[in-house]
Structures are given as C-alpha cells and as structure tokens.
Amino acid sequence: MTADGGKGKRYTILPVTRVEGHGKVTIHMDDSGVVDHARLHIVEFRGFERFILGRPFWEVPVIVQRLCGICPVSHHLAAAKAMDRIVGGERLTPTAEKVRRLMHYGQIFQSHALHFFHLASPDFLFGTDGTAASAFGAPPEKRNILAVAAKFPDLAVQGVMMRKYGQEIIRRTAGKKIHGTGAVPGGVNKNLSLAERDDLLKDADRMLAWAREAVGIARDFTMEHLDELAPFGSFDSNHLSLVRESDGALDLYEGVLRAVDKDRNMILVDVNPQRYLDVLMEEVRPWSYMKFPFLKELGPEYGWYRVGPLARLNTASFIDTEEANAAHGEFRELHKDRANNVTMCYHWARMIELLHAIEKIRELLLDPDLQGRELLASGPRREEAVAVVEAPRGTLFHHYRVNRNDEVTMCNLIVSTTNNNEPMNRAVTKVAKDHFSGRKEISGKLLNCIEVAIRAYDPCLSCATHAVGEMPLDVELVDASGEVMAKMVRDAGAAGEG
Amino acid sequence: MSPKPRIATASLAGCFGCHMSVLDIDERILELATRVEFDRSPINDFKEFRDRCAVGIVEGGCCNEENVELLEKFRKQCDVLISLGDCAINGGVPAMRNNIPLRECLEQAYLKCPGTYNPLNVLPNDPEIPLLLNRVYPCHEVVKIDRFIPGCPPPADAIWAALTALLTGRSAEPVYEHLKYD
C-alpha cells in the first residue's frame, strides 16, 4: 500500500486493480437478480493540487489548463481570474474583460459543437425502433463522426466547421488553439485587431444559422422521442450554476452561485463564489479518484446537484440574447415551473447554449472595446483567491493561496465533471435498474445505453481521466455474495451484438 | 485493390489536447477518412484493435499500469508508433509529480484540500481503480517509439504533414515551423 519511490521498480503498490480503459462501470445485483446499485469508477489521478505547490503564481494559468485539452480555456480563465485577485486587478479593463469573454464563448461554441456533432450525434441519427433499450443500438462501426459524414455529409461538415470557428476565435484571442497564453493575471496580453475581427465576423452569420439548425435538431429529437427519453437515466435532482449577479441571467464567465431543487425552488441564493467553502464540500469515496461534491447544508445524501447546460437553463432567470432566450422559453415550457430533470435534455440545453454563444460572439466582435489598449489592471496584493467560471460542462472552481514570495501554497480545484460525479453514477444506476435487472447477460446495445446516459453529461474525463465521450467500459455483474456472475469487456466484436 | 492503411490512436496520461489537435486538421479529417481506416481510438467506438495498423498515435505518458498495458498493446499492433506531444515524449505537465512522493500527492488531494469531506480518512484504494506508477514515464522508456512530434500540443499542420508523409512513403522530415517545444 505504499509508494516505494522507484529503486528500479516501476510500480508502487498503491490502489490495486485490473481495469481496461478509463472509466469503469460495475453493477451490483441482489440474490434475485435485481440491480442494487451501479458505479462509475473514475480511474485516473494526476495530482495537480500537489505539484502546483511552490510554483510562481503567474505560471498557473498556463500550467493548469493542461488538465484538459478539450476545455483548456476554461481552466486558463479560471486560474487567470483567481490570479487577478492575487494581483488586486480583478476589476478588468473593458478591453481585457471582453477579449476574455470572447475567448470563453469561442470555447463554449467549439466544445458544444464537438460534443454534439463529433461525439453524441451518432446516438440520435441512426434511428430507433421506439424503445429506450434499442434507441441507441447503432452498431459500433456507425458510432463515429466519419459514419455520420457518410450518411449526413452536410451535417458532419457543419459540425467540423463550427468547431473550427470556435477554435479560430480561441487562436485569435489566446494565441493558439489549444493551451493558449492570452489571459495573464490582471488582464490579457493582446487585444483584437480590426483585421482579426473582420476575419471572424465574415463567418458569424453562417455560424448563427447553423447553430439555429442545431437547436432544431436537438429539440425535434427530444420532442419526438420524449416518451422514451424522459425516463431514460433520469431522476429528480438539485441544479447549480453561476448566474449574473444583477439579474440572474445566464452568464458563463462571471457571477454568483445559485442552486435550485427539483421544483426550481431556490436552495442556494446567489452566493459570492469567494464563499464557496461555506456552502460546498466534497466527499471522498474509496472506489473513485473523483470526489463527490454536495451542498453543505443538505449533507452528502441530499445535497448533491447537477451542473452543466441542463442545470444552467434551470437556474438562470433568462438569457440575455434574443434567439437563445426564445429557445430557453420553449425549453422551459416542457416542465413549466418545475426544473427540467430529464437527463437526455442536456443535449437540447447544450445546443441552446451553442446558439447563445454565437450570439454573444457576434455582439462582442462588434464592440469597439475589443480594440482598446488598456490591457492590464492592478491593485492591492492579496494572498488568497477563488475563481469560478461556467465551463462547457459546468461550474469550475479554482482556489489558490499565494505567499509573499509569489509561490502557490495551496490549490484546490473542483472541475466541472466532478460536480456531476454523483448524477452520472445515478444515471448509470437508473439505466442498469431499468434495463439490466434479471439478466445474466448484457448485450452490446444495453452497454451502449450506459454510455449514452453518461455521455449526456458530456463528461470531460480528461479532467479526471482521458477518454472523451466514448469510454472503454468494463461491465461486471456482481451478485449479493460478491461473486462475479458475468463479465463483459466492451470491445468492437461484442459491442455490435443486440 | 489493397486495403487502406489503418490508424489507431490512444490517450494515456495526457489531457486529450493532442487528440484535439488531430481534430484541428478540420475538414481534412474527411479527406483522411477516404485514405485510411480508423482502428481503435477514443473518438470512435472501437474499444479493441480490429486489425494490424500501419500507424499508431499515442498521446500522453504512462502514469498507471493501465497506460503501460495499453502502450504495449499499441507497440505490438502497430508498424509505426508515434509519440505525439510533450506528455508522450517527456511526461509533460503530469510528470511534474515526479519529484514528489506519490503518497503526498494523494494525501494533498484527498485528505488536505479545503472542503474535503473524508470522515474515514481514506485514500481511493478500491480494487476497481488501477495501480498508479511511482512516477510518470515517457513512452519511449516503456516501448520502442519510431517517430516523435513535439509540442503541447503539436500544431495540426505538423500532424497532417507527418501522416501524409507516412502514408505516401515519403520521409517525414519535420518542418522547422512545426517544431514547438511549449
């Protein structure tokens, strides 16, 4: 059970296992073959919170974004926002704030397009025969963007070009598409030239039109299959996100923490993120490297919540861009005054945010502040800072202490996907209970159902593991005595069988 | 007609940024798809190798036993194995833990971080989660690697140039502008 520090041996004898792939699901059944619970195990650990200690604080926005190559901008900006406070420059200049927001909405746009078109669309596009268990039964050869391209070439090209557009915005504002350096403590290191702006503007209308279409695809799929989708991996839950401090609008870059319960009653009323430790805790469970956050007041059993697009559309009072706000109204119609607790509605919510992102991008590009020359703010030095942003997958917390020698002495990160840890486990359990009970064999289609439920959350397992969207999964059936009744390692041969 | 060459990719202890950079070849990915078959990769749904591959692309270093097993499998299955990006080549940012005893990293994350609720004072230790290595290893310390493409991540154009060169049998001399060591 200890690390032996090497001595020519490669392995420490710390947690023991035999897992193939990055995520793992185990399903536990009682004596009568009824599913008792299921677990999604997160099997990766990288130790950022420790090795960041002792580093100079200005390195942090560049280092920590290496947590994730899919949403690096979110980590980059969260760390930069924390370091803004450290240097006393959290009141950014208009130019700096808008350049950062542009970068952030570019990130949201590319990430949501990536998830919907490249990763999730095969679940929607290859048909269903009307039952939840078979709804996602496309053979594995079809479950990728290239198969989508073969059957729906225009749609696949749109997906690729939308992601490219978001990446291009990031490159112009952050210096490079992945792991840029645009944000620095107290501001940004460059503004946006008119030539760059014009170059980005010329494609904006086309992107807006495609985003509008994407909302339509997600909405229509959801509404047409609502009977199957509503119970699929679904359960009542709390929802948490940032909202704009002044009026509760959706705000992905800056705001206060709000949580609502399953009925949309407010249970966390617009809390300043600096106080996150007063309201949140994270439970450690021995079977996962990913912790389980919960609202302190409600405790670990009742205080867990969902984050991400579904949660944001449940917590936000409205959206401050016209078309996305209209789409939000339509989305809210489905459940009137209650929160929307349908797991598969994440996809629809995500596309509404995609539309919001491109509306914001257009608005920002037309703002002359982007060409301003005041890039940096500063003020009285602090030694501790919390920063929160809404990353594509949900609320992202960064918390640091920095000593007088500029060294980081404490770092605590709650990544977006960690916030969704309990809900993802619940979704897996729900699907397993609904579809696996009484079975001794698990078919490939059923296995894919588990992935579909997890995929709705768009888990950025890079932040915790490294797989994206399509996780290799081991599924084991374990009986009451702990004996493994059946084991199925997901592979190409097995996955296609019905 | 001879079958199309196969390409497989894997993400070990990295951040997936190198895979994102592969996707940053943008619409050229559709052209690539006409010239090759994709085998095992986290961006499709093939969990295991389907056949022998001409090219294997590996992102990330080795931080746990599962990474080592997968890398060894790639070596066996691929004619040419490419270390893509700084984590695969030198361990990258994850290797920043190499100067710190592993237990300290775990204790920091699961016992000491503010807001942690851990009444039993446990570290994750379930048999279901894999053994961590004492340090993060670059891929070439574990298996033989044939090509290295540096960068964090390498630019999409560098990946495209290397792939097209390999697929057309040209020598894959790196272009100076594509060499990034960030």
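So residue A:409 ticks every box in (1) part of a strand (DSSP E or B); (2) open to solvent by 30 Å² or more (accessible area, probe 1.4 Å); (3) at pLDDT 55 or above; (4) away from chain B (no Cβ under 14 Å) but one. Which box is left unticked?
Evaluating residue A:409 over (1) part of a strand (DSSP E or B); (2) open to solvent by 30 Å² or more (accessible area, probe 1.4 Å); (3) at pLDDT 55 or above; (4) away from chain B (no Cβ under 14 Å) leaves (4) as the failure.
Quick check on my filter: what residues within the range A:148-169 are in contact (Cβ under 8 Å) with a residue 12 or more places away in the chain, more than 9 Å from chain B (Cβ to nearest Cβ), assigned to a helix (DSSP H, G or I) and within 21 Å of residue A:119 (Cα to Cα)?
A:148, A:151, A:155, A:158, A:159, A:162, A:165, A:166, A:168
Go over the candidates B:14, B:61 one by one and state the one that is touching a residue at least 60 places away in the same chain (Cβ under 8 Å) and facing chain A (nearest Cβ under 7 Å).
Step by step, each of B:14, B:61 is checked, and only B:14 is touching a residue at least 60 places away in the same chain (Cβ under 8 Å) and facing chain A (nearest Cβ under 7 Å).
Output the residues belonging to the range A:263-274 that are touching a residue at least 24 places away in the same chain (Cβ under 8 Å) and over 14 Å from residue A:419 (Cβ atoms).
Within the range A:263-274, A:263, A:264, A:267, A:270, A:274 qualify.
Only one of A:166, A:233, A:182, A:186 is buried (at least 19 other Cβ atoms within 10 Å of the Cβ), small (Gly, Ala, Ser), on the phi > 0 side of the Ramachandran plot and within 23 Å of the chain's Cα centre (by Cα). Can you tell me which?
When all the criteria are applied, what remains is A:233.
Quick one: in the range B:73-129, of everything that is open to solvent by 10 Å² or more (accessible area, probe 1.4 Å), among the aliphatic types (A, V, I, L, M) and touching a residue at least 40 places away in the same chain (Cβ under 8 Å), which residue is farthest from the other protein chains (Cβ to nearest Cβ)?
Once the filter is applied, the top-ranked residue is B:80.
Which residues, taken from the range B:39-57, are facing chain A (nearest Cβ under 7 Å) and aromatic (Phe, Trp, Tyr)?
B:46
From (1) within 14 Å of chain B (Cβ to nearest Cβ); (2) crowded, with 24+ Cβ neighbours inside 10 Å, pick out the condition that doesn't hold for residue A:176.
Answer for residue A:176: the failing condition is (2).
Return the residues of the range B:167-178 that are open to solvent by less than 60 Å² (accessible area, probe 1.4 Å) and either under 21 Å from residue B:87 (Cβ atoms) or without any contact (Cβ under 8 Å) to a residue 12 or more places away in the chain (or both); say none if nothing qualifies.
Result: B:172, B:178.
Would you check which residues across the range A:434-465 are at pLDDT 75 or above and of a type in the set (A, V, I, L, M) and list them?
Scanning the range A:434-465 gives A:450, A:452, A:453, A:454, A:456.
Collect the residues in the range A:28-44 that are more than 11 Å from chain B (Cβ to nearest Cβ), in contact with a Phe, Trp or Tyr (Cβ under 9 Å, 6 or more places away or on another chain) and modelled with pLDDT of 75 or more, keeping them in residue-number order.
Across the range A:28-44, the qualifying residues are A:35, A:38.
Can you tell which of A:384, A:330, A:353, A:359 is surrounded by fewer than 17 Cβ atoms within 10 Å (Cβ to Cβ), among the charged types (D, E, K, R), under 29 Å from residue A:183 (Cβ atoms) and modelled with pLDDT of 95 or more?
Answer to the selection: A:384.
Check every one of the helices (runs of 4 or more DSSP H) wholly within the range A:45-93 and list those with 3 or more residues that are surrounded by fewer than 24 Cβ atoms within 10 Å (Cβ to Cβ), at pLDDT 90 or above and in contact with a strand residue (DSSP E or B) (Cβ under 8 Å, 6 or more places away or on another chain).
Here the list is empty.
Pick from the range B:152-173 the residues that are in a helix (DSSP H, G or I) and in contact with a Ser or Thr (Cβ under 7 Å, 6 or more places away or on another chain): which of them is farthest from residue B:4 (Cα to Cα)?
B:156
Every residue, every condition in (1) among the aromatic types (Phe, Trp, Tyr); (2) open to solvent by 10 Å² or more (accessible area, probe 1.4 Å), yes or no:
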position	(1), (2)
A:248	no, no
A:253	yes, no
A:260	no, no
A:274	no, yes
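Restricting to the range A:180-199, name every residue that is touching an Asp or Glu at 6+ places or on another chain (Cβ under 7 Å) and either of a type outside the set (Gly, Ala, Ser) or part of a helix (DSSP H, G or I) (or both).
Hit for the range A:180-199 is A:185, nothing else.
Okay, residues lined up against (1) assigned to a helix (DSSP H, G or I); (2) without any contact (Cβ under 8 Å) to a residue 40 or more places away in the chain; (3) open to solvent by 40 Å² or more (accessible area, probe 1.4 Å):
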position: B:20; (1), (2), (3): yes, no, no
position: B:33; (1), (2), (3): yes, yes, no
position: B:40; (1), (2), (3): no, yes, no
position: B:46; (1), (2), (3): no, yes, no
position: B:49; (1), (2), (3): no, no, no
position: B:55; (1), (2), (3): no, no, no
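From the list A:302, A:346, which one is within 23 Å of the chain's Cα centre (by Cα) and crowded, with 24+ Cβ neighbours inside 10 Å?
Answer to the check: A:346.
The values are calculated or read from the model by the stated rules, or taken from the named source; none is laboratory data. Keep in mind it's a predicted model, so treat the numbers as computed, not measured. Virtual Cβ from ideal backbone geometry, glycine too; neighbours counted across all protein chains shown. SASA here: full protein model, heavy atoms, side chains in, ligands and nucleic acids out. Shrake-Rupley method; radii C 1.70, N 1.55, O 1.52, S 1.80 Å.
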